[in-house]
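Accompanying notes for the structure given below.
Any read-out appearing in this document is the output of simple, stated calculations on the displayed coordinates, not a laboratory observation. Everything numeric in this text was worked out from a predicted model, so none of it was measured. As a convention, Cβ positions derive from the backbone with ideal geometry for all residues, glycine included, and neighbour counts pool all protein chains shown.
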Amino acid sequence: MKFRLWSRVAVIVAVVVAGLGAVSAAPIPKDIRSGKGSIGIGTFYGLDLTRDVLVKGIHSHNDYWRDVPLFSALSYGVVSVEADVWHFEGDDTLYVGHNTAALSSDRTLGTLYIDPLLDILAAANPKNKFTVDQNIPNGVFDTASAQTLYLFIDVKTDGMLTWPFVEAALKPLLDKGWLTTVSDSKIKNGPITVIGTGNTPYAYVVGQKDRFYFFDGPIDALNETAYPAHVSPIASGSLESVVGTKIGPKGMDSDQYNKVKELVTKAHDMGIATRFWEVPWWPVVRRDALYRQIIEIGSDLLNTDDLALAATFV
Ligand SMILES: *[C@@H]1O[C@H](CO)[C@@H](O)[C@H](O)[C@H]1NC(C)=O
């Protein structure tokens, strides 16, 4: 009898402890999961998707690999997602995937990102007698409606040939007033902030006085002339190219740590947020140490391929 009681107590304690360590992600409804059906404006999003989800400074690297692109990230409160886009001559559609072998006609920038964002934001911004006086649109997070979602567009094909199609794909979001824009060097924040990276044409981007997209700045080469915050509100870089590949099991040594800290401080002084990619993920102890150091330094977006894991750090 006594043994039974104690084993039951042990089970309860184990469950409670496991529960404390777990990070809650909102459940993704079955019809979204299966790729069937749309969100059903005002039904699931407003009730479920990001309710109770705390916003976290995480960047969902290769987001389109997720169980359900975009939605998995939002369900963890992740504020930044990334899509690799491909353009092919004679075809207006932008395809999303890591390499050409991964492309398919139903995985496009429109179907995976733009259309769902239009649905989500329509649900977050109902037009009715309660909202007539609201002139700042709500973002995608119920718990932080002023938080913008960073949408990184990693251009894989020729920048100048591809970018016009990116602009065209973004137009429906722009027309609704849901993109962060720039006019005469002044930023006006919106629910979605588009950051061009990869082959995004820098000279073209900075040449536009009125823009609804930005350029991912080089974290180790920032200067006010080339990369003011209204051009690059975020700067990124490979951790391995900043500190080298010799990183011990306890993470960065003090020289490496200070080098990263210096770059982050400089970016922050310029009003620019930061992200490091190419953070070694193995061995696990070293990865964990690096994640902790990157967060301790104050870098804004923790770049990850594993949302559930990263959400336990931020
Ligand atoms: C700023 O960066 C650009 C691009 O890397 C470079 O061409 C330019 O010389 C830099 N300017 C200064 C003042 O360092």
Q.
If I ask for residues that are assigned to a loop (DSSP other than H, G, I, E, B) and without any contact (Cβ under 8 Å) to a residue 12 or more places away in the chain, which ones from region 268-294 would you list?
A. 282
Q) Would you call residue 105 small (Gly, Ala, Ser), without any contact (Cβ under 8 Å) to a residue 60 or more places away in the chain and over 30 Å from residue 297 (Cβ atoms)? A) yes
**Q.** Number of the condition not met by residue 224 [criteria: (1) among the charged types (D, E, K, R); (2) under 18 Å from residue 152 (Cα atoms); (3) part of a loop (DSSP other than H, G, I, E, B)]
**A.** (2)
(Q) If the requirement is being of a type in the set (D, E, K, R), within 16 Å of the ligand (Cβ to nearest atom) and either over 30 Å from residue 181 (Cα atoms) or out of contact with any strand residue (DSSP E or B) (no Cβ under 7 Å at 6 or more places or on another chain) (or both), which of these qualifies: 246, 259, 266? (A) 266
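Considering only region 218-243, how many residues are hydroxyl-bearing (Ser, Thr, Tyr) and in contact (Cβ under 8 Å) with a residue 40 or more places away in the chain?
Matching residues across region 218-243 total 4.
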Q.
Take the residues in region 185-217 that are polar (S, T, N, Q) and touching a Ser or Thr at 6+ places or on another chain (Cβ under 6 Å); name whichever of them is nearest to the ligand (Cβ to nearest atom).
A. 193
Q) Do we have residue 265 as over 30 Å from residue 167 (Cα atoms) and either under 18 Å from the mean Cα position of the chain (by Cα) or not in a helix (DSSP H, G or I) (or both) here? A) no
Q: Output the residues belonging to region 179-217 that are in a strand (DSSP E or B), touching a residue at least 12 places away in the same chain (Cβ under 8 Å) and loosely packed, with under 15 Cβ neighbours inside 10 Å.
A: 183, 186, 210
Q) Any idea how many residues of region 108-127 are surrounded by 17 or more Cβ atoms within 10 Å (Cβ to Cβ) and in a loop (DSSP other than H, G, I, E, B)? A) 1
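Yes/no per residue for (1) within 26 Å of residue 237 (Cα to Cα); (2) more than 20 Å from the chain's Cα centre (by Cα); (3) small (Gly, Ala, Ser):
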| site | (1), (2), (3) |
| --- | --- |
| 121 | no, no, no |
| 130 | no, yes, no |
| 173 | no, no, no |
| 200 | yes, no, no |
**Q.** Residue in region 218-237 that is over 21 Å from the mean Cα position of the chain (by Cα), away from the ligand (no atom under 16 Å from the Cβ) and of a type in the set (D, E, K, R) present
**A.** no
Q) Got a number for residues in region 93-107 being over 18 Å from residue 162 (Cα atoms) and either crowded, with 16+ Cβ neighbours inside 10 Å or acidic (Asp, Glu) (or both)? A) 1
